[in-house]
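Asks: Would you mind keeping the following structure in view while I ask a few things?
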Amino acid sequence: MDNESCITFPVLGDPAPDFEAETTHGPIKLSGLKGRWVVMFSHPADFTPVCTTEFMAFAHIYDELKLLNVQLIGLSVDSISAHLAWVHAIKEKMGVTIPFPIIADLSMSVAKKYGMIHPGQSSTAAVRCVFFIDDKGIMRAMIYYPLQNGRFMPEIIRLVKALQTTDTFKVSTPANWQPGDKVVVPPPKTSAEMEKRPTEGYECKDWYLCFKKI
């Protein structure tokens with residue numbers, strides 16, 4: 001069995017794998033964050049160009065995520081001392097303060113639980129993953145990027161808002177949905193519901209595809 005076949009990944013809809021780890025803000029335990037959403041992202045290494053741009057970008061969306069009841073957490077296979085030195089350098093050279101904790105995962109224990117190590121990219125560095133964990137500790141979404149390409153922060157905000165909208169209003173969000181756009185109403189499940197649908201005041205393209213404003 002080769003290394004790639006041994007990689008484990010979290011599963012959407014399952015509890016996110018629990019962990020306890022040291023961070024730049026002290027110890028953190030995932031299960032201790034229930035009641036808040038978590039966006040956890042990995043980066044390949046401290047003191048690297050693309051990662052530095054990403055950390056500054058994540059810092060810029062930190063306050064908006066906080067307003068959405070989201071705890072932002074970074075991670076790489078680096079030490080606490082490396083993280084602290086890098087955060088200090090970003091503040092000193094770029095003028096950007098990094099306000100969120102960064103997990104030091106030298107043992108790769110968290111990275112392996114979350115399938116962050118992809119041997120086709122690197123056997124010692126995490127690829128660029130983003131995990132969206134809801135306030136009940138359930139894995140709701142995952143995005144993976146290669147080492148060479150940075151992430152698009154507006155999509156991270158958009159997806160958090162889409163997931164929270166789905167939970168609050170029991171609806172779905174269509175392609176290219178943005179907050180304020182119409183949402184998709186769950187399709188009818190019986191012939192009686194299908195017959196009733198045209199009278200319910202939705203904007204329907206067909207019996208199974210109806211939209212509404214929220």
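A short reminder: the numbers here are calculations on the coordinates, not readings from a lab. Keep in mind that what you see is a predicted model, and the values were worked out from it rather than measured. Please note: Cβ atoms are built from the backbone with ideal geometry, for glycine as well, and neighbour counts cover all protein chains shown.
Asks: With springs only between Cα atoms under 10 Å apart, run a GNM on the chain and tell me which of Val11, Val130, Val110 wobbles the most.
Replies: Val11
Asks: Would you please state which residues of the range 145-184 a label at Ile214 would reach in this model, taking the label point 7 Å out along Cα→Cβ and a backbone N cut-off of under 11 Å?
Replies: From the range 145-184, the list is 161-174, 179-184.
Asks: Another question about this same structure. What does the charge count around Glu200 come to, taking other residues whose C-beta lies under 12 Å from its C-beta (Lys +1, Arg +1, Asp -1, Glu -1)?
Replies: For residues surrounding Glu200, the net value is 0.
Asks: Can you give the local net charge around Phe19? Use residues other than it whose beta-carbon is closer than 14 angstrom to its beta-carbon, Lys and Arg +1, Asp and Glu -1.
Replies: 0
Asks: Calculate, for Ser31 and Ile143, the FRET efficiency according to 1/(1 + (r/R0)^6) with r their C-beta to C-beta distance and R0 25 Å; round to the nearest 0.05.
Replies: Calculated transfer efficiency: 0.65.
Asks: Below 8 Å between Cα atoms, with a sequence gap of 6+, how large is the relative contact order for the chain in percent?
Replies: Details: 369 pairs, mean separation 47.2, N = 214.
Relative contact order, the chain: 22 percent.
Asks: While we're on this one: Number of Lys pairs in the range 4-151 with C-alpha atoms less than 20 angstrom apart, excluding same-chain neighbours closer than eight positions?
Replies: 9
Asks: What is the sum of charges around Ile157, taking Lys and Arg as +1, Asp and Glu as -1, for the other residues whose C-beta is under 15 Å from the C-beta of Ile157?
Replies: Here the charged neighbours net out to 0.
Asks: Using DSSP, restrict attention to beta bridges with both residues in the range 4-151 and report what percent are antiparallel, rounded to the nearest 5.
Replies: Roughly 60 percent of the beta bridges in the range 4-151 run antiparallel, per DSSP.
Asks: To continue, here is another question. Mean separation of Cα pairs under 8 Å and 6+ residues apart, divided by the residue count of the range 47-118: what relative contact order is that in percent?
Replies: Reported as a whole number, the value is 36 percent.
Asks: Right, here's the next one. I'd like to compare 87-95, 40-48: which one has the highest average count of other Cβ atoms within 10 Å, and what's the full order after that?
Replies: 40-48, 87-95
Asks: When a/c reaches 1.5 or more, the comparison of a/b and b/c decides; with that in mind, is the range 1-105 rounded, prolate or oblate per its Cα gyration tensor?
Replies: oblate
Asks: How much length, in nm to one decimal, is gained on full extension between Glu200 and Gln178, taken as 0.36 nm per residue of separation minus their Cα-Cα distance? Please report the intermediate quantities before stating the final value.
Replies: Values: separation 22, 0.36 × 22 = 7.92 nm, distance 2.40 nm.
So the chain would gain 5.5 nm between Glu200 and Gln178.
Asks: What length, rounded to one decimal in nm, is gained on full extension from Thr190 through to Lys66, with 0.36 nm per residue of separation minus their alpha-carbon distance?
Replies: Contour length minus Cα-Cα distance gives 40.6 nm.
Asks: Does the chain come out rounded, prolate or oblate by the C-alpha gyration tensor, with a ≥ b ≥ c the root eigenvalues, rounded set by a/c under 1.5 and, if not, prolate when a/b is larger than b/c and oblate if not?
Replies: Prolate.
Asks: Go through 184-193, 21-30 and give me the packing order, highest mean Cβ count within 10 Å leading.
Replies: 21-30, 184-193
Asks: Can I ask one more? Distance between Cα centroids, the range 21-43 to the range 143-214: provide it in whole Å.
Replies: If we compute the Cα centre of each part, the gap is 29 Å.
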